[in-house]
Amino acid sequence: MDDDRIHITGARLHNLKNVSLSLPKNSLVVLTGLSGSGKSTLAFDTLHREGQRQYMESLGMVTGFVSRPSVDSITGLSPSISVDQHLTNRSPRSTVGTVTEVFTYLRLLWSRIGARPCPGCGGTVPPAHTYAYDDDEDAEPEMAPCPHCGTLVPELVMGTCGCESKLLLPDRT
């Protein structure tokens, strides 16, 4: 199969009745058809949902709440972002990242691959793969030793405002 195409085999959800097709990548693809013919089902309920599920799985997230679409197979699919035409959150603080929910996935990605300097020796501290989903802000932060000097460094936690360290480091000036 081509690496430059998305192949869908046996899509059957709502008005899609065992539809198989191949879509080019890196191109603008327009889905047209009669009202109720399955355009939105194919785009949002099949392609977008599967792309989102595969991306979350690749990050090691539990995807039990995102069901697989009713399809025999989808190959060549990349992570996807869906922008709905009806914006329900009209907050002036909304950004493209928060409206499309890509902000959440980027936070998770950076917390998994991000590294930071050690406050003791300045060496690079790799990311840890344990996360605290605690709502208790007074809880002691998890500490991990720096691989270079052994200084205890707070692990990154996924908070409501992004990845942050719960420990304030002393000013070194």
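The values are calculated or read from the model by the stated rules, or taken from the named source; none is laboratory data. All values reported here derive from a predicted model rather than from experimental measurement. Reconstructed Cβ throughout: ideal geometry from the backbone, glycine too, with neighbour counts over all protein chains shown. These accessible areas exclude ligands, DNA and RNA; they are computed on the full protein's heavy atoms, side chains included. Shrake-Rupley method; radii C 1.70, N 1.55, O 1.52, S 1.80 Å.
The residues D4, D45, sorted by heavy-atom accessible surface at 1.4 Å with ligands and nucleic acids left out, run D4, D45 from largest to smallest.
Round to a whole number: what % of the accessible area of the stretch 30-73 belongs to carbon and sulfur, probe 1.4 Å? For the stretch 30-73, the apolar C and S fraction of the accessible surface comes to 55 percent.
Could you sort E101, E155 by accessible area so the largest value comes first, with the probe set to 1.4 Å? Walk me through the numbers on the way to the answer.
On the way: E101 105, E155 25 Å².
Sorted descending by solvent-accessible area, the residues read E101, E155.
Here the label points at T32 and I81, each 7 Å from Cα along the C-beta direction, are separated by 2.8 nm in the simple model.
Mean projected area of the Cα convex hull of the stretch 33-79, taken over all directions, amounts to 3.8 nm². R116 contributes about 50 Å² of solvent-accessible surface, heavy atoms of the protein only, 1.4 Å probe.
Order V83, V66, V29, most accessible first, counting only protein heavy atoms with a 1.4 angstrom probe.
Working: V83 100, V66 20, V29 60 Å².
Ranked list, largest accessible area first: V83, V29, V66.
Determine, from the Cβ-Cβ distance of S67 and C121 and an R0 of 45 Å, the FRET efficiency 1/(1 + (r/R0)^6), rounded to the nearest 0.05. Each step should come with its number before you reach the end.
Working: r = 47 Å, r/R0 = 1.05.
Approximately 0.45, to the nearest 0.05.
Could you calculate the FRET efficiency of D4 with H148 from 1/(1 + (r/R0)^6), where r is the beta carbon distance between them and R0 is 41 Å, rounded to 0.05?
On the way: r = 44 Å, r/R0 = 1.07.
According to the calculation, E is roughly 0.40.
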